[in-house]
Amino acid sequence: GPPAYVIPGFVASDKTCSGLRHAIAEAGWRTYPWDLGLNRGAHPDVLRHLRQRLEVIHDGRPVLLVGWSLGGVFARELAREVPEMVRAVVTLGSPFSGDPHMNNVWRLYEWVTGHAVDNPPVPHYPDKPPVPTLAIWSRKDGIVAKRAARGLDGERDKEVEIACSHMAFGVSYKAGQRVAVEIGAFLREI
């Protein structure tokens, strides 16, 4: 199937996202892990590493980027750098909009990364990247505020609410199946 690159959230890994990748693969995609170990937050080389991985995955067809939480923020910035290689970006409970303190783990993030959540070493822009974007969010998230994960008009093409916790976006096969359905519907609309 067409390629899909799945980027895990903060302090998560490819193993954490295996249920999500499996559900997306069952929907007909050839899924690829991020292959960078534990996501330890933004660092100066993260976009370079993501771009190198995307270049390996890219087989001439544009790649679907699926990012959970911080992984979705990275996916949006990667799409901004190389839009010609990206089919669409799907964020799952990702804090891409509004104040970066609109989540319950910003203090942990700062402690782990050593930089302020509102001053990362990677550029971050809330405006929509130049590719189709779908923001999937949940009222039951518990970590990221719905306003931050849903975004505003002009920051994404479509937003869809699903009922799951923040962790379920990445680890739940059932939530992954719903994500795959929403991805399919979104791509048929664009």
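The values are calculated or read from the model by the stated rules, or taken from the named source; none is laboratory data. Here the structure is a predicted model, which means the values were calculated and not measured. Ideal geometry is used to build each Cβ from the backbone, glycine not excepted, and the neighbour counts take in all protein chains shown. These accessible areas exclude ligands, DNA and RNA; they are computed on the full protein's heavy atoms, side chains included. Shrake-Rupley method; radii C 1.70, N 1.55, O 1.52, S 1.80 Å.
Please state the charge dipole magnitude for the chain, taken about the Cα centre, from unit charges on C-beta atoms (+1 on K and R, -1 on D and E), reported in debye and rounded to the nearest 20. All intermediate terms of the calculation are to be shown ahead of the outcome.
Details: 23 positive and 21 negative charges, 87 e Å.
Roughly 420 debye for the chain.
Cα convex hull of the range 11-83: mean projected area in nm², to one decimal?
Values: hull surface 18.9 nm².
With the hull built on Cα positions only, its mean projection is 4.7 nm².
Find the eigenvalues of the gyration tensor of the Cα atoms of the range 126-190, then list the square roots of 5 times those eigenvalues as equivalent ellipsoid semi-axes, largest first, in whole angstrom. Intermediate values should be presented prior to the final figure.
On the way: eigenvalues 76, 51, 13 Å².
The three semi-axes for the range 126-190 are 19, 16, 8 Å.
Would you give the gap between the C-alpha center of the range 144-188 and the C-alpha center of the range 84-114, rounded to a whole Å?
Using only Cα atoms, the two centres lie 14 Å from each other.
For the chain, give me the percentage of DSSP beta bridges that are antiparallel, rounded to the nearest 5 percent.
Numbers: 1 of 23 bridges.
Counting only bridges with both partners in the chain, antiparallel ones make up about 5 percent.
Exposed loop trypsin sites (Lys or Arg not before Pro) only (DSSP loop, at most 15 other Cβ atoms within 10 Å): please give the longest stretch of the chain free of them, not including the sites. Mind showing how you got there, number by number?
Working: sites that count: LYS15, ARG40, ARG139, LYS140.
Excluding the exposed sites themselves, the longest stretch runs over 41-138.
Give me the accessible area per residue for the chain, probe 1.4 Å, as a whole number in Å². Mind showing how you got there, number by number?
On the way: 8420 Å² over 190 residues.
Normalised by residue count, the accessible surface of the chain is 44 Å².
So what's the convex hull volume per residue for the Cα atoms of the range 71-128, in Å³?
Values: hull volume 4.9 nm³, N = 58.
Hull volume normalised by residue count: 85 Å³.
Of PRO83, TRP29, LEU64, which is farthest towards the positive pole of the chain's charge dipole, taken about the Cα centre with +1 and -1 on the beta-carbons of Lys, Arg and Asp, Glu respectively?
TRP29
Would you mind working out the magnitude of the charge dipole of the range 98-190 relative to its Cα centre, with +1 at each Lys and Arg C-beta and -1 at each Asp and Glu C-beta, to the nearest 20 Debye?
On the way: 12 positive and 12 negative charges, 79 e Å.
That gives a dipole near 380 debye.
For semi-axes √(5λ) of the Cα gyration tensor in Å, one of (1) 35, 20, 17; (2) 22, 18, 16; (3) 31, 19, 14 was computed from the structure I shared and the rest are decoys. Which label?
(2)
As a check on your grasp of the helix formula, calculate [θ] at 222 nm for the chain: sum -39500 (n - 2.57) over DSSP H runs of n ≥ 4, divide by the residue count, round to the nearest 500.
Numbers: 7 runs with 69 residues, N = 190.
Taking each H run of at least 4 residues, the total per residue is -10500 deg cm²/dmol.
How far apart, in nanometres, would the label points at VAL11 and GLU110 be if each is projected 7 angstrom from Cα along the Cα-to-Cβ direction?
For the pair VAL11/GLU110, the computed spacing is 1.6 nm.
Cα centroid distance between the range 125-139 and the range 27-68, in Å?
Using only Cα atoms to place each centre, the spacing works out to 17 Å.
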